[in-house]
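What follows is a single structure, written as structure tokens, with notes after it.
What follows is calculated from the coordinates using simple rules that are stated; it is not laboratory data. Note that this is a predicted model, so its numbers are computed, not measured.
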Amino acid sequence: MVTSLFNYSMKYITASMSSVIIYLSIPVSYILDYLFLGSQVGWLEMIGVCLIVIINVLLGYLKSKGLAG
């Protein structure tokens, strides 16, 4: 059901906005996992989440400036 809602929402948002939502879903899923299920998040997982978010924010910035393809 989530996939069909995501596909339906693609009619209303741009590709760049959808990529931001997809990458933000990674840290949000860890936060929700901690809050609702009580799972502990390891330091290696946090490093991975930070790398994903930082690199994609940097790529988005570079693309907006015309510096990345």
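Taking each residue as 0.36 nm, the span from Met17 to Tyr61 lengthens on full extension beyond its C-alpha to C-alpha distance by 14.5 nm.
Which whole DSSP H helices in the chain pass both tests: a Cα extent of 24 Å or more along the axis and a mean Kyte-Doolittle value no lower than 0.5? Both cut-offs are met by 15-32, 43-64. Note on Asn7 and Glu45: the extension gain reaches 10.9 nm, defined as 0.36 nm multiplied by sequence separation minus the Cα-Cα distance.
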